[in-house]
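Okay, structure first, notes after.
Throughout, read-outs are computed from the coordinates displayed, never taken from laboratory work. Note that the structure is a prediction, hence the values are computed from the model and not measured. Here the Cβ is made from the backbone with ideal geometry for all residues, glycine too, and neighbour counts use every protein chain on show.
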Amino acid sequence: MRPVLYVLSFLAVMALGFWAYRENYATQAILRDVTDLQNEIGSLRESLSIERAEWAYLNRPDRLRDLATLNFDRLELLPMLPAQFGVTNQIAFPPAPLITNLPLDGTQEVSGTLAATEGAQTP
């Protein structure tokens, strides 16, 4: 009986060692993936900051003013003047909804009949 117990114990230790070996390599692979993802996130953040800096550089007011002056004939842009803006009295708002005399308790009576279709039977 004792040799069987020794063999089963040895097999259990071998199985646990094999399991630990596989888990170790699986963990290392996942850690490599996490490191790769963190590196990718860092490079994407860096490129985003570069894009933001380039956008700010290209949208400088003096550069845009020079571009508008260069392309005045083609774009026909004019400087903004206060006379170009309207007054709120000139805005055409949609008409106000009609107010009906509905009860305030949320109930409403509806009366009428439904037109029966041909061939339909009523119970």
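Laid out as a table, the results:
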| item | result |
| --- | --- |
| Low-density loop positions, GluC sites (Glu not before Pro), region 1-93 - DSSP coil, at most 12 other Cβ in 10 Å | E76 |
| Theoretical gain in end-to-end length, L11 to L81 [0.36 nm per residue, Cα-Cα removed] | 16.2 nm |
